[in-house]
1. Out of curiosity, is Gly376 crowded, with 21+ Cβ neighbours inside 10 Å and touching a helix residue (DSSP H, G or I) at 6+ places or on another chain (Cβ under 8 Å)?
2. Among the numbered criteria (1) basic (Lys, Arg); (2) touching a residue at least 60 places away in the same chain (Cβ under 8 Å); (3) closer than 17 Å to Leu63 by Cα, which one does Arg402 miss?
3. Test Ala235 against the criterion of being assigned to a helix (DSSP H, G or I), touching a residue at least 24 places away in the same chain (Cβ under 8 Å) and not assigned by the TED database to the domain that holds Leu177, and give yes or no.
4. Just to be sure before I move on: is Ile436 in a helix (DSSP H, G or I) and of a type outside the set (Phe, Trp, Tyr) in the structure I sent?
5. Can you find even one residue in region 177-192 that is surrounded by fewer than 19 Cβ atoms within 10 Å (Cβ to Cβ) and touching a residue at least 60 places away in the same chain (Cβ under 8 Å)?
6. Does Glu326 meet the test of being farther than 20 Å from Arg360 by Cβ, among the acidic types (Asp, Glu) and surrounded by 14 or more Cβ atoms within 10 Å (Cβ to Cβ)?
7. Inside region 514-539, can you point out the residues that are of a type in the set (Ser, Thr, Tyr) and either without any contact (Cβ under 8 Å) to a residue 24 or more places away in the chain or more than 14 Å from Arg602 (Cβ to Cβ) (or both)?
8. Hey, Trp331 hits all of (1) over 23 Å from the mean Cα position of the chain (by Cα); (2) surrounded by fewer than 19 Cβ atoms within 10 Å (Cβ to Cβ); (3) aromatic (Phe, Trp, Tyr) but one; which does it fall short on?
Amino acid sequence: MDQAALGLVHNGSVLRLDVAQGWVGRARQNVDSLTTVWSIEPDRAVDQPRPVGRILRQFYESLVGLDREQADAALEELRGRALLSATNLRFLRVELLSSLGAPQDLLDDPLLQDVSSLARPPAVTESLAEAADALFMNRHATDGLLNAAARLDVAWPGLVTQAYQVTTAATARCYALGQLLLERPEAAQLRELSLRYPDDAVITGVLATTDSEQSSAPPSASPLNLYYDGNYEAALELAATQPPDRSFAAIALAAAANLQDSPSAVRALGVVDRLSEPDRNGLLQSVVERNFFESLRALTAADRVPSGWLDWFTGDWPDRPDLLAEWSRAWRRTPDALTSTADDLAVALIEALNDARRPRVRNGIPLFIDWLTSGGVPTSGVGLATTTFDIMLSSEPGKNERQVALSLLDGVLAVGCSSPEYREMLGAVARELPIIGPRDGSWLAQVVDLLLLSACPDPVERATLIARAAGVASSWGDRIDSRDAILLGLLFRNAGVDFQGQDNESREDARPFDSVGVYSLMEGAVRVLTSWIEERWPGVTVRTSAAHGNSDALAALVKGVDVMLVQTSHAKHAATGAISMAIVDPSRLVLVSGRGASALMRSLLTWSEQATD
């Protein structure tokens with residue numbers, strides 16, 4: 001019988017079932033229904049390739065959720081399937097390492113060699129400048145500035161050479177250092193920067209070495225002269241106000257190609273569009289202008305860009321999170337704008353997730369959350385962040401989406417919220433408890449951790465939720481990861497809740513360290529971690545720092561411990577550069593992925609296990 005069945009399914013599989021007595025007729029009906037469905041089902045590939053938007057969603061979810069492994073996997077899939085150009089992949093690599101790596105990684109990565117020689121988006125320049133700031137800047141002496149300028153020129157030559165590239169304090173410092181290597185520094189530009197950043201030691205130090213009496217030619221009103229002076233923004237602005245002309249259109253294209261941002265691209269394409277058809281065709285017959293034109297169109301969607309998040313939610317835009325990342329850089333997050341649009345944004349998001357826009361909008365949500373939480377959730381955005389958190393956990397989230405939602409929970413709890421908003425977030429978490437499984441133990445631990453660390457507008461509701469969470473985690477039994485079981489046990493004990501997890505109390509941990517260094521801006525989490533370490537490994541010394549920049553004390557701490565835990569929201573932090581430079585053995589530097597004391601403890605447990613294997 002088995003051989004006869006195998007003969008009917010060439011290169012297939014056969015399942016043999018023992019049907020209980022009395023169910024043979026129903027079983028035959030079910031098998032008949034199944035074979036009928038198979039016979040009418042259209043053929044399809046076994047492995048359906050994911051669209052580029054879905055892969056980019058994984059990438060940006062991983063950046064917000066601080067998951068380096070998933071971000072690397074997304075980049076590798078994009079590269080292996082050649083879904084993006086090699087240049088764009090290098091730019092995404094910069095974004096990955098600036099968010100989840102160390103500044104030294106940007107310098108050492110072989111894929112990023114000569115990246116500063118490319119025409120690049122402002123975000124890439126800013127990321128490299130932040131790394132250079134952490135690695136090279138010596139803000140105390142002129143000879144140190146000269147040395148830093150030389151090192152910067154070797155690492156990333158031509159990184160910030162024009163005033164239009166100065167968009168942050170780090171890019172301003174890189175521009176100032178570059179002026180030290182010129183025969184005739186732009187003293188006027190340096191003086192302007194010193195007014196914008198009056199307390200910056202690098203800029204004032206460079207300005208002090210330049211000839212303060214050096215005179216500069218008055219700015220020209222010609223678009224061509226402005227372009228050759230490197231004032232691309234002014235050149236584009238002036239060219240856009242001129243009558244339609246091929247020469248002005250060529251200057252506009254060249255200026256926008258240097259600026260490499262979507263608003264400039266739209267403006268330059270508009271100048272070209274105003275030309276007569278013969279002039280436009282003649283302009284684009286030139287290889288140079290044609291390349292500029294195509295590169296600028298790649299920054300837009302049919303020569304236009306959304307005006308803001310509301311426009312992007314409601315409009316018809318391409319499913320390209322990489323373009324959305326560039327567009328959203330220009331969308332300001334002012335308190336008044338958030339207050340006036342919060343309700344409309346929430347309604348638009350809900351509607352978009354329930355119609356044909358769902359795949360595109362779902363792929364862009366990580367960038368929306370990053371925009372909303374970057375630098376901390378503003379008080380005017382608490383209501384929107386709370387609603388977005390509820391929407392995310394009510395939209396059949398996957399593991400990565402739950403992790404991204406943690407940034408909203410963290411941001412809202414950090415700034416504070418009302419009792420109704422607090423209960424809304426607790427309700428969203430409560431609805432997830434029957435759905436999550438043992439693989440979500442790390443996420444559950446971080447949720448409980450953040451709730452315990454933060455102010456509590458409704459203690460009764462929080463206690464009820466944590467008790468339910470303990471019951472769910474207890475039901476997982478031996479299926480839960482041992483590290484998650486340890487963390488949940490510590491957290492539930494701190495909350496005064498019984499937890500029937502794995503028995504880890506009698507375990508004797510091999511201790512490959514006598515001292516632990518911790519860098520984190522979450523001082524409450526550091527205190528909790530310190531108590532956990534001292535309880536689990538008596539005699540271990542814990543040294544901590546929350547310095548906002550480079551310092552001798554921070555360097556001494558790093559050199560004096562056996563393992564260094566670093567927990568920051570992004571690697572583009574001045575302290576991370578000092579830590580990576582001070583560490584003697586890179587294997588003893590642990591960049592923590594996750595939030596709260598539980599993420600720190602989990603990283604230490606993982607490192608300890610690997611060090612003793």
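The values are calculated or read from the model by the stated rules, or taken from the named source; none is laboratory data. The shown structure was predicted, so the numbers you read here are calculated from the model rather than taken from an experiment. With ideal geometry, Cβ positions are generated from the backbone for all residues, glycine too; neighbour counts draw on all protein chains shown.
1. On the way: crowded, with 21+ Cβ neighbours inside 10 Å: no; touching a helix residue (DSSP H, G or I) at 6+ places or on another chain (Cβ under 8 Å): yes.
Spelling it out, it is not the case that Gly376 is crowded, with 21+ Cβ neighbours inside 10 Å and touching a helix residue (DSSP H, G or I) at 6+ places or on another chain (Cβ under 8 Å).
2. Just one mismatch for Arg402, condition (2).
3. No.
4. When the stated conditions are applied, Ile436 does not pass them.
5. no
6. Working: farther than 20 Å from Arg360 by Cβ: no; among the acidic types (Asp, Glu): yes; surrounded by 14 or more Cβ atoms within 10 Å (Cβ to Cβ): yes.
When the stated conditions are applied, Glu326 does not pass them.
7. Listed by number, the residues that qualify are Ser515, Tyr519, Thr530, Ser531.
8. All conditions are met except number (1).
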